[in-house]
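> The following block contains the structure, expressed as structure tokens.
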Amino acid sequence: MDGVILLADPKSNSWNFAVKIRDYIKNQRGAEVLLEEVSITHFNNGEIDMHVPKNVRRKEIYFIHDSAKNPQEWWMELLLLKDLLLNASAESVTFVLPDLLYSRKDRKEQPHVPISARALATSISPQLRRIITMDLHTDQIQGFYPANCPVDNLHSFPEVVRYIEKHPISDSNNLIIVSPDAGGVSRARAFAQKLGIHQPIAFIYKRRDKPGEVAEMKLVGDVRNSEVLIVDDIIDSGGTLCSAAKLLRENGALKVHCYGTHGIFSKGTSVLCNSFDRVMTSNTHYRENLDLGGVEIIDLSPVFAEAIYRAQKGLSISGLFE
């Protein structure tokens, strides 16, 4: 792919992810694409500085960012790098953001609070060609971005389904897909269809008094004498998921498994792994220095690689998920 450069920070977790993307495009698509480094440093007072040694004039840049970075640095690095590349006369800049941070607040749930997802979109979208991300917290976040900066929201479920087919759940014929909240029902339904599961899905009604704390949980659906797979977009502390697992077992579930695309694991994994028969996540938020004992990691770099290739060649990205 002449004129295309993949860009990543070699000192971050995104570098190995970028290497996998480059190798996939070469081995599966037969196209060569350059992978170059961006050097990110800090002044003594903590301000971020960066430098791209290679010439990017008239190049189409795909910057693959590390979603496991401190969210504030993650945001500021996007702003500074875009400024750097445009001032260096790059032809276009695309952000590849495996986990689009600041997506949890897409509306005002009470007075006098920010709409963080909109604030992020307002700041990073000007002069950006597009954003490639995966399993947005809510689909409507795409509406915060202007038409000249489209958001390609990739889905992880086809790759996860392929993984489960290779590493089957013990009784897949008696499996029910569960959404941890009403907002994830469409995701759970798509997951069930891809797995060829025809029985009704279930979901958990949650009432929160404040962010991160659930005041009430109720199961909607029947999981008696079934194996259950909870499908979510984010695993943060895992506390709510553990409560959900307890609720499902109380309602007759025989085994309880979970998959969350973006595994943050802010309080580790031991309690979560003790609550579930299997815990699965992807490498969109993967940190090599974090002990993820007991958690199965699913590589989603091929999905991003294929999306980049298709975006560059003018091919359908939605066709990946049909």
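> Across the range 111-153, which residue is surrounded by the most Cβ atoms within 10 Å (Cβ to Cβ) among those that are touching a residue at least 24 places away in the same chain (Cβ under 8 Å) and among the hydroxyl-bearing types (Ser, Thr, Tyr)?
Thr133
> Given Arg118, Arg107, which one is at pLDDT 95 or above, out of contact with any Gly (no Cβ under 7 Å at 6 or more places or on another chain) and more than 12 Å from Ile61 (Cβ to Cβ)?
Of the residues listed, the single one that is at pLDDT 95 or above, out of contact with any Gly (no Cβ under 7 Å at 6 or more places or on another chain) and more than 12 Å from Ile61 (Cβ to Cβ) is Arg118.
> Determine which member of the set Leu320, Leu292 is without any contact (Cβ under 8 Å) to a residue 40 or more places away in the chain, over 14 Å from Tyr163 (Cβ atoms) and surrounded by fewer than 20 Cβ atoms within 10 Å (Cβ to Cβ).
Leu292
> Quick check on my filter: what residues within the range 58-82 are part of a loop (DSSP other than H, G, I, E, B) and surrounded by fewer than 16 Cβ atoms within 10 Å (Cβ to Cβ)?
Answer for the range 58-82, where residues must be part of a loop (DSSP other than H, G, I, E, B) and surrounded by fewer than 16 Cβ atoms within 10 Å (Cβ to Cβ): Arg58, Asn70.
> Output the residue which, of all residues in the range 159-189 that are open to solvent by 10 Å² or more (accessible area, probe 1.4 Å) and touching a Phe, Trp or Tyr at 6+ places or on another chain (Cβ under 8 Å), is nearest to Ser318 (Cα to Cα).
The extreme case among them is Arg187.
> So which residues in the range 207-237 are of a type in the set (A, V, I, L, M, F, W, C), in a loop (DSSP other than H, G, I, E, B) and either within 18 Å of the chain's Cα centre (by Cα) or at pLDDT below 85 (or both)?
Those that are of a type in the set (A, V, I, L, M, F, W, C), in a loop (DSSP other than H, G, I, E, B) and either within 18 Å of the chain's Cα centre (by Cα) or at pLDDT below 85 (or both): none in the range 207-237.
> Go through (1) in contact with a Gly (Cβ under 9 Å, 6 or more places away or on another chain); (2) among the aromatic types (Phe, Trp, Tyr); (3) open to solvent by 20 Å² or more (accessible area, probe 1.4 Å) and name the single condition Tyr205 misses.
So the condition that Tyr205 fails would be (1).
> Considering only the range 211-237, how many residues are farther than 17 Å from Asp277 by Cα, open to solvent by less than 40 Å² (accessible area, probe 1.4 Å) and out of contact with any Ser or Thr (no Cβ under 8 Å at 6 or more places or on another chain)?
1
> State whether one or more residues within the range 205-218 are closer than 29 Å to Phe321 by Cα and hydroxyl-bearing (Ser, Thr, Tyr).
The answer is yes, given that some residue of the range 205-218 is closer than 29 Å to Phe321 by Cα and hydroxyl-bearing (Ser, Thr, Tyr).
> Another question, if that's okay. Could you tell me which residue of the range 219-251 is farthest from Asp181 (Cα to Cα), considering only residues that are of a type in the set (Asp, Glu) and touching a Pro at 6+ places or on another chain (Cβ under 9 Å)?
Result: Asp222.
> Can you tell me how many residues within the range 83-101 are charged (D, E, K, R) and either in contact with a helix residue (DSSP H, G or I) (Cβ under 7 Å, 6 or more places away or on another chain) or buried (at least 22 other Cβ atoms within 10 Å of the Cβ) (or both)?
Matching residues across the range 83-101 total 1.
> Looking at Pro180, Pro158, Pro168, can you tell me which residue is under 16 Å from the mean Cα position of the chain (by Cα) and of a type outside the set (D, E, K, R)?
Sole residue among the options that is under 16 Å from the mean Cα position of the chain (by Cα) and of a type outside the set (D, E, K, R): Pro158.
> So, one more: State whether the residues of the range 298-310 include one that is open to solvent by 20 Å² or more (accessible area, probe 1.4 Å), under 29 Å from Pro150 (Cα atoms) and touching a strand residue (DSSP E or B) at 6+ places or on another chain (Cβ under 7 Å).
In the first step, residues of the range 298-310 are kept if they are open to solvent by 20 Å² or more (accessible area, probe 1.4 Å); the result is 299, 302, 309-310.
Applying the additional criterion that residues be under 29 Å from Pro150 (Cα atoms) yields 299, 302, 309-310.
Still in the running and touching a strand residue (DSSP E or B) at 6+ places or on another chain (Cβ under 7 Å): none.
Within the range 298-310 (the criterion being open to solvent by 20 Å² or more (accessible area, probe 1.4 Å), under 29 Å from Pro150 (Cα atoms) and touching a strand residue (DSSP E or B) at 6+ places or on another chain (Cβ under 7 Å)), the answer is no, since none of the residues qualifies.
> Same structure, new question: From the set of residues in the range 238-276 that are among the aliphatic types (A, V, I, L, M) and in a helix (DSSP H, G or I), which is surrounded by the fewest Cβ atoms within 10 Å (Cβ to Cβ)?
Val271
The values are calculated or read from the model by the stated rules, or taken from the named source; none is laboratory data. Treat the numbers as computed from the prediction; the structure is a model and nothing was measured. Note that each Cβ is placed from the backbone with ideal geometry, even for glycine, and that neighbours are counted across all protein chains shown. Surface areas here come from the heavy atoms of the whole protein model, side chains and all, with no ligands, DNA or RNA. Shrake-Rupley method; radii C 1.70, N 1.55, O 1.52, S 1.80 Å.
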